[in-house]
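The structure appears below as C-alpha coordinates.
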Amino acid sequence: MNSETKVALVTGAAGGIGKAIALRLAQDGMLVAAHYRSKETEANELLENLPGQGHIIAQADVSEPDAARTLIEGTHGRFGRLDLLVNNAGIFEQHKIDDLDYDDWQVAWQRTLQTNLAAPMNLAFCAARRMIAQGHGKIINITSRGAFRGEPKAPAYGASKAGLNSASQSLAKALAPHGIMVYAIAPGWVNTIMASDRLSGPLADEVRNESPLGRVGEPEEIANIVSFLAGAGTDYLTGSIIDANGASYLRN
Ligand SMILES: NC(=O)c1ccc[n+]([C@@H]2O[C@H](COP(=O)([O-])OP(=O)(O)OC[C@H]3O[C@@H](n4cnc5c(N)ncnc54)[C@H](OP(=O)(O)O)[C@@H]3O)[C@@H](O)[C@H]2O)c1
(Lines give C-alpha, C1' and ligand atoms only; values in the text may rest on other atoms or scores of the structure.)
Protein backbone atom coordinates (compact mmCIF):
# COMPACT_ATOMS: atom_id res chain seq x y z
CA MET A 1 0.00 0.00 0.00
CA ASN A 2 1.29 3.43 -0.98
CA SER A 3 1.19 5.60 2.17
CA GLU A 4 -0.02 8.51 -0.01
CA THR A 5 -3.15 6.61 -1.05
CA LYS A 6 -6.28 8.12 0.43
CA VAL A 7 -8.64 5.98 2.51
CA ALA A 8 -12.45 6.11 2.55
CA LEU A 9 -14.96 4.40 4.84
CA VAL A 10 -18.36 3.97 3.17
CA THR A 11 -21.28 2.73 5.30
CA GLY A 12 -24.04 0.56 3.83
CA ALA A 13 -21.84 -0.41 0.89
CA ALA A 14 -23.16 -3.90 0.13
CA GLY A 15 -25.84 -2.61 -2.25
CA GLY A 16 -27.65 0.38 -3.68
CA ILE A 17 -26.08 3.84 -3.47
CA GLY A 18 -23.32 2.76 -1.06
CA LYS A 19 -22.08 0.07 -3.44
CA ALA A 20 -21.92 2.55 -6.32
CA ILE A 21 -20.00 4.98 -4.09
CA ALA A 22 -17.50 2.31 -2.99
CA LEU A 23 -16.90 1.23 -6.59
CA ARG A 24 -16.46 4.80 -7.78
CA LEU A 25 -14.02 5.78 -5.00
CA ALA A 26 -11.93 2.67 -5.64
CA GLN A 27 -11.98 3.51 -9.35
CA ASP A 28 -10.73 6.98 -8.40
CA GLY A 29 -7.74 5.34 -6.69
CA MET A 30 -8.82 5.42 -3.05
CA LEU A 31 -8.54 2.50 -0.65
CA VAL A 32 -12.03 1.60 0.52
CA ALA A 33 -13.34 0.15 3.77
CA ALA A 34 -16.78 -1.03 2.65
CA HIS A 35 -19.13 -1.41 5.59
CA TYR A 36 -22.15 -3.71 5.57
CA ARG A 37 -24.70 -4.88 8.12
CA SER A 38 -26.46 -8.03 6.91
CA LYS A 39 -25.45 -8.61 3.28
CA GLU A 40 -22.23 -10.54 3.81
CA THR A 41 -22.33 -12.35 0.46
CA GLU A 42 -22.89 -9.11 -1.45
CA ALA A 43 -20.13 -7.41 0.56
CA ASN A 44 -17.67 -10.17 -0.35
CA GLU A 45 -18.70 -9.91 -4.01
CA LEU A 46 -18.13 -6.16 -3.86
CA LEU A 47 -14.68 -6.69 -2.34
CA GLU A 48 -13.74 -8.95 -5.25
CA ASN A 49 -14.98 -6.38 -7.77
CA LEU A 50 -13.42 -3.25 -6.29
CA PRO A 51 -10.72 -1.99 -8.66
CA GLY A 52 -7.22 -2.03 -7.11
CA GLN A 53 -5.73 -3.90 -4.16
CA GLY A 54 -5.97 -3.64 -0.39
CA HIS A 55 -9.63 -2.78 0.18
CA ILE A 56 -11.47 -4.27 3.15
CA ILE A 57 -15.04 -4.98 4.25
CA ALA A 58 -16.29 -4.43 7.80
CA GLN A 59 -19.51 -5.60 9.43
CA ALA A 60 -21.47 -3.59 12.01
CA ASP A 61 -24.96 -2.55 13.02
CA VAL A 62 -24.39 1.20 13.18
CA SER A 63 -27.40 1.70 15.46
CA GLU A 64 -25.37 0.07 18.26
CA PRO A 65 -23.41 2.57 20.36
CA ASP A 66 -19.99 0.89 20.05
CA ALA A 67 -20.21 0.35 16.29
CA ALA A 68 -18.86 3.76 15.30
CA ARG A 69 -15.72 3.48 17.39
CA THR A 70 -15.08 -0.06 16.20
CA LEU A 71 -15.55 0.86 12.52
CA ILE A 72 -13.44 4.01 12.60
CA GLU A 73 -10.66 2.54 14.73
CA GLY A 74 -10.70 -0.67 12.68
CA THR A 75 -10.29 1.31 9.45
CA HIS A 76 -7.66 3.65 10.86
CA GLY A 77 -5.83 0.73 12.46
CA ARG A 78 -5.68 -1.13 9.15
CA PHE A 79 -4.59 1.76 6.92
CA GLY A 80 -3.01 4.27 9.32
CA ARG A 81 -5.17 7.11 7.97
CA LEU A 82 -8.77 8.09 7.24
CA ASP A 83 -9.39 10.73 4.59
CA LEU A 84 -13.10 10.36 3.90
CA LEU A 85 -16.16 9.13 5.76
CA VAL A 86 -19.32 8.60 3.70
CA ASN A 87 -22.35 8.18 5.96
CA ASN A 88 -24.65 6.37 3.54
CA ALA A 89 -26.34 3.62 5.62
CA GLY A 90 -29.95 4.42 6.41
CA ILE A 91 -33.45 3.02 6.78
CA PHE A 92 -36.84 4.06 5.47
CA GLU A 93 -39.68 2.49 7.47
CA GLN A 94 -43.29 3.56 7.14
CA HIS A 95 -45.01 4.64 10.37
CA LYS A 96 -48.19 6.51 9.53
CA ILE A 97 -49.49 8.64 12.39
CA ASP A 98 -53.10 7.62 11.69
CA ASP A 99 -52.33 3.93 11.36
CA LEU A 100 -50.08 2.93 14.29
CA ASP A 101 -50.40 2.32 18.01
CA TYR A 102 -48.32 4.41 20.39
CA ASP A 103 -45.75 1.69 21.15
CA ASP A 104 -45.02 1.11 17.46
CA TRP A 105 -44.79 4.87 16.92
CA GLN A 106 -42.14 5.07 19.69
CA VAL A 107 -40.17 2.20 18.18
CA ALA A 108 -40.23 3.72 14.69
CA TRP A 109 -38.94 7.09 15.90
CA GLN A 110 -36.21 5.57 18.05
CA ARG A 111 -34.96 3.17 15.38
CA THR A 112 -35.03 5.74 12.59
CA LEU A 113 -33.37 8.54 14.53
CA GLN A 114 -30.76 6.17 15.94
CA THR A 115 -29.85 4.73 12.52
CA ASN A 116 -30.20 7.80 10.30
CA LEU A 117 -29.06 10.59 12.61
CA ALA A 118 -27.29 9.45 15.79
CA ALA A 119 -25.22 6.77 14.03
CA PRO A 120 -23.78 9.09 11.35
CA MET A 121 -22.98 11.62 14.05
CA ASN A 122 -21.27 8.95 16.20
CA LEU A 123 -19.21 7.96 13.16
CA ALA A 124 -18.46 11.62 12.45
CA PHE A 125 -17.32 12.12 16.06
CA CYS A 126 -14.91 9.18 15.97
CA ALA A 127 -13.70 10.06 12.44
CA ALA A 128 -13.16 13.70 13.43
CA ARG A 129 -10.83 12.62 16.26
CA ARG A 130 -8.55 10.94 13.71
CA MET A 131 -8.98 13.67 11.08
CA ILE A 132 -8.16 16.46 13.55
CA ALA A 133 -4.93 14.64 14.41
CA GLN A 134 -4.15 14.32 10.67
CA GLY A 135 -5.05 17.96 10.00
CA HIS A 136 -7.41 17.11 7.16
CA GLY A 137 -10.40 15.00 6.16
CA LYS A 138 -13.86 15.03 4.57
CA ILE A 139 -17.25 13.80 5.72
CA ILE A 140 -20.13 13.33 3.28
CA ASN A 141 -23.60 12.60 4.66
CA ILE A 142 -26.28 11.11 2.40
CA THR A 143 -29.54 12.77 3.44
CA SER A 144 -32.75 13.03 1.37
CA ARG A 145 -35.10 15.31 -0.52
CA GLY A 146 -37.61 14.16 2.14
CA ALA A 147 -35.89 16.56 4.56
CA PHE A 148 -37.41 19.47 2.61
CA ARG A 149 -40.67 18.06 1.28
CA GLY A 150 -42.00 16.20 4.29
CA GLU A 151 -42.56 12.45 4.56
CA PRO A 152 -46.22 11.98 5.56
CA LYS A 153 -45.90 8.18 5.79
CA ALA A 154 -42.50 8.23 7.50
CA PRO A 155 -42.16 11.46 9.49
CA ALA A 156 -39.17 10.21 11.49
CA TYR A 157 -37.34 9.58 8.20
CA GLY A 158 -37.89 13.16 7.01
CA ALA A 159 -36.93 14.50 10.45
CA SER A 160 -33.81 12.31 10.61
CA LYS A 161 -32.63 13.56 7.21
CA ALA A 162 -33.43 17.21 8.04
CA GLY A 163 -31.47 16.68 11.26
CA LEU A 164 -28.58 15.23 9.29
CA ASN A 165 -28.57 18.25 6.95
CA SER A 166 -28.44 20.55 9.95
CA ALA A 167 -25.77 18.48 11.69
CA SER A 168 -23.68 18.57 8.49
CA GLN A 169 -23.81 22.36 8.51
CA SER A 170 -22.95 22.52 12.22
CA LEU A 171 -19.97 20.20 11.78
CA ALA A 172 -18.83 22.08 8.67
CA LYS A 173 -18.48 25.18 10.85
CA ALA A 174 -16.97 23.38 13.84
CA LEU A 175 -14.43 21.36 11.84
CA ALA A 176 -13.30 23.82 9.14
CA PRO A 177 -10.60 25.25 11.44
CA HIS A 178 -9.17 21.72 11.61
CA GLY A 179 -9.06 21.35 7.82
CA ILE A 180 -12.08 19.02 7.76
CA MET A 181 -14.81 19.64 5.17
CA VAL A 182 -18.39 18.40 5.64
CA TYR A 183 -21.03 18.06 2.94
CA ALA A 184 -24.53 16.67 2.57
CA ILE A 185 -26.06 15.18 -0.58
CA ALA A 186 -29.87 15.09 -0.62
CA PRO A 187 -31.13 12.62 -3.26
CA GLY A 188 -34.65 12.35 -4.57
CA TRP A 189 -35.85 8.91 -5.70
CA VAL A 190 -32.97 6.61 -6.60
CA ASN A 191 -33.28 3.21 -8.25
CA THR A 192 -32.41 0.90 -5.30
CA ILE A 193 -34.09 -1.65 -3.04
CA MET A 194 -35.20 1.19 -0.76
CA ALA A 195 -37.34 2.60 -3.59
CA SER A 196 -38.23 -0.71 -5.25
CA ASP A 197 -41.78 -1.01 -3.84
CA ARG A 198 -42.73 2.39 -5.27
CA LEU A 199 -40.87 1.86 -8.55
CA SER A 200 -42.52 -1.49 -9.26
CA GLY A 201 -45.97 -0.54 -7.95
CA PRO A 202 -48.97 1.19 -9.49
CA LEU A 203 -47.55 4.64 -8.71
CA ALA A 204 -44.25 4.04 -10.53
CA ASP A 205 -45.00 6.43 -13.39
CA GLU A 206 -46.15 9.09 -10.97
CA VAL A 207 -42.87 8.72 -9.07
CA ARG A 208 -40.81 8.96 -12.27
CA ASN A 209 -42.78 11.97 -13.47
CA GLU A 210 -42.05 13.88 -10.27
CA SER A 211 -38.92 14.84 -12.18
CA PRO A 212 -39.20 16.72 -15.47
CA LEU A 213 -36.58 14.20 -16.67
CA GLY A 214 -39.31 11.55 -16.38
CA ARG A 215 -37.11 9.15 -14.42
CA VAL A 216 -35.55 8.52 -11.02
CA GLY A 217 -31.85 8.77 -10.27
CA GLU A 218 -29.33 5.96 -10.61
CA PRO A 219 -26.93 5.11 -7.74
CA GLU A 220 -23.97 5.99 -9.99
CA GLU A 221 -25.27 9.56 -10.28
CA ILE A 222 -24.99 9.98 -6.51
CA ALA A 223 -21.56 8.31 -6.60
CA ASN A 224 -20.43 10.87 -9.20
CA ILE A 225 -21.20 13.68 -6.74
CA VAL A 226 -19.34 11.91 -3.93
CA SER A 227 -16.36 11.44 -6.25
CA PHE A 228 -16.40 15.14 -7.11
CA LEU A 229 -16.63 16.25 -3.46
CA ALA A 230 -13.88 13.81 -2.44
CA GLY A 231 -11.56 15.28 -5.06
CA ALA A 232 -9.38 18.37 -4.95
CA GLY A 233 -10.69 21.94 -5.04
CA THR A 234 -14.00 21.45 -3.24
CA ASP A 235 -13.16 22.94 0.18
CA TYR A 236 -15.20 26.07 -0.45
CA LEU A 237 -18.31 23.92 -0.82
CA THR A 238 -18.09 22.84 2.82
CA GLY A 239 -21.46 23.15 4.55
CA SER A 240 -23.33 22.66 1.26
CA ILE A 241 -26.40 20.50 0.88
CA ILE A 242 -26.34 19.31 -2.70
CA ASP A 243 -29.73 18.56 -4.26
CA ALA A 244 -29.71 15.50 -6.49
CA ASN A 245 -33.34 15.05 -7.43
CA GLY A 246 -33.73 15.77 -11.14
CA ALA A 247 -35.45 19.07 -10.35
CA SER A 248 -38.31 17.03 -8.91
CA TYR A 249 -39.16 19.38 -6.11
CA LEU A 250 -39.60 22.21 -8.55
CA ARG A 251 -42.57 20.26 -9.90
CA ASN A 252 -45.07 20.47 -7.05
N1 LIG B 1 -33.21 5.10 -2.77
C2 LIG B 1 -33.76 6.29 -2.61
O3 LIG B 1 -34.77 6.63 -3.27
C4 LIG B 1 -33.14 7.28 -1.65
C5 LIG B 1 -33.59 8.61 -1.70
C6 LIG B 1 -33.05 9.55 -0.82
C7 LIG B 1 -32.07 9.18 0.07
N8 LIG B 1 -31.66 7.87 0.12
C9 LIG B 1 -30.63 7.53 1.13
O10 LIG B 1 -29.53 6.90 0.50
C11 LIG B 1 -28.90 6.02 1.44
C12 LIG B 1 -28.68 4.67 0.78
O13 LIG B 1 -29.96 4.10 0.49
P14 LIG B 1 -30.23 3.05 -0.68
O15 LIG B 1 -31.28 3.62 -1.54
O16 LIG B 1 -28.96 2.59 -1.29
O17 LIG B 1 -30.94 1.89 0.15
P18 LIG B 1 -30.53 0.39 0.52
O19 LIG B 1 -30.12 -0.33 -0.69
O20 LIG B 1 -31.67 -0.10 1.35
O21 LIG B 1 -29.24 0.59 1.43
C22 LIG B 1 -29.30 0.97 2.75
C23 LIG B 1 -28.05 0.45 3.41
O24 LIG B 1 -28.04 0.83 4.78
C25 LIG B 1 -27.57 -0.26 5.54
N26 LIG B 1 -28.15 -0.20 6.88
C27 LIG B 1 -29.44 0.01 7.24
N28 LIG B 1 -29.56 -0.04 8.58
C29 LIG B 1 -28.32 -0.28 9.08
C30 LIG B 1 -27.80 -0.43 10.38
N31 LIG B 1 -28.57 -0.39 11.48
N32 LIG B 1 -26.48 -0.68 10.52
C33 LIG B 1 -25.69 -0.75 9.44
N34 LIG B 1 -26.11 -0.59 8.17
C35 LIG B 1 -27.42 -0.37 8.00
C36 LIG B 1 -28.02 -1.51 4.81
O37 LIG B 1 -27.11 -2.54 5.11
P38 LIG B 1 -27.39 -4.13 4.84
O39 LIG B 1 -28.17 -4.19 3.57
O40 LIG B 1 -26.03 -4.76 4.73
O41 LIG B 1 -28.20 -4.64 5.98
C42 LIG B 1 -27.95 -1.06 3.36
O43 LIG B 1 -26.70 -1.38 2.78
C44 LIG B 1 -29.80 5.97 2.67
O45 LIG B 1 -29.28 6.81 3.68
C46 LIG B 1 -31.12 6.53 2.15
O47 LIG B 1 -31.89 7.12 3.16
C48 LIG B 1 -32.16 6.92 -0.72
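The values are calculated or read from the model by the stated rules, or taken from the named source; none is laboratory data. The structure displayed is predicted, hence computed values, not measured ones. Here the Cβ is made from the backbone with ideal geometry for all residues, glycine too, and neighbour counts use every protein chain on show.
Tallying residues that are within 11 Å of the ligand (Cβ to nearest atom) and crowded, with 18+ Cβ neighbours inside 10 Å within the range 92-113 yields 2.
Within the range 191-200, the residues that satisfy the criterion of being farther than 27 Å from residue 125 by Cβ and either charged (D, E, K, R) or in contact (Cβ under 8 Å) with a residue 60 or more places away in the chain (or both) are 192, 193, 197, 198.
Which of the residues belonging to the range 119-176 are in contact with a Lys or Arg (Cβ under 7 Å, 6 or more places away or on another chain) and among the aliphatic types (A, V, I, L, M)? Give the derivation first.
If we filter the range 119-176 for residues that are in contact with a Lys or Arg (Cβ under 7 Å, 6 or more places away or on another chain), which is where we start, we get 126, 134, 143-144, 146-147, 153.
Answer for the range 119-176, where residues must be in contact with a Lys or Arg (Cβ under 7 Å, 6 or more places away or on another chain) and among the aliphatic types (A, V, I, L, M): just 147.
Residue 89 passes every criterion in (1) more than 15 Å from the ligand (Cβ to nearest atom); (2) among the aliphatic types (A, V, I, L, M); (3) crowded, with 22+ Cβ neighbours inside 10 Å; (4) part of a loop (DSSP other than H, G, I, E, B) apart from (1).
Scanning the range 109-142 for residues that are under 14 Å from the mean Cα position of the chain (by Cα) and under 30 Å from residue 4 (Cα atoms) turns up 119, 120, 121, 122, 123, 124, 138, 139, 140, 141, 142.
State which residue is farthest from residue 3 (Cα to Cα) when the search covers only the range 64-108 and only residues that are basic (Lys, Arg) and in contact with a strand residue (DSSP E or B) (Cβ under 9 Å, 6 or more places away or on another chain). Steps first, answer last, please.
Filtering the range 64-108 for residues basic (Lys, Arg) gives 69, 78, 81, 96.
Checking which are in contact with a strand residue (DSSP E or B) (Cβ under 9 Å, 6 or more places away or on another chain) leaves us with 78, 81.
Working: 78: 12, 81: 9 Å.
In this case the residue turns out to be 78.
Considering the range 1-82, the qualifying strands (runs of 3 or more DSSP E), each wholly inside and each with 1 or more residues that are under 23 Å from residue 225 (Cα atoms) and among the small types (Gly, Ala, Ser), run over 7-10, 31-36. Among the residues making up the range 32-62, none is aromatic (Phe, Trp, Tyr) and more than 16 Å from the chain's Cα centre (by Cα). Looking only at the range 1-39, filter to residues that are among the polar types (S, T, N, Q) and modelled with pLDDT of 95 or more; which one of those is surrounded by the fewest Cβ atoms within 10 Å (Cβ to Cβ)? Once the filter is applied, the top-ranked residue is 38.
Scanning the range 158-182 for residues that are over 14 Å from the mean Cα position of the chain (by Cα) and touching a residue at least 24 places away in the same chain (Cβ under 8 Å) gives 159, 169, 171, 172, 173, 175, 176, 178, 179, 180, 181. For the structure I just gave you, tell me whether residue 32 is closer than 30 Å to residue 153 by Cα, in contact with a helix residue (DSSP H, G or I) (Cβ under 6 Å, 6 or more places away or on another chain) and among the β-branched types (Val, Ile, Thr). For residue 32, the condition - closer than 30 Å to residue 153 by Cα, in contact with a helix residue (DSSP H, G or I) (Cβ under 6 Å, 6 or more places away or on another chain) and among the β-branched types (Val, Ile, Thr) - is not met. Taken as a whole, the condition of being among the aliphatic types (A, V, I, L, M) and at pLDDT 95 or above applies to residue 174.
Taken over the range 193-219, the criterion of being in a helix (DSSP H, G or I), among the acidic types (Asp, Glu) and within 12 Å of the ligand (Cβ to nearest atom) is satisfied by 197 alone.
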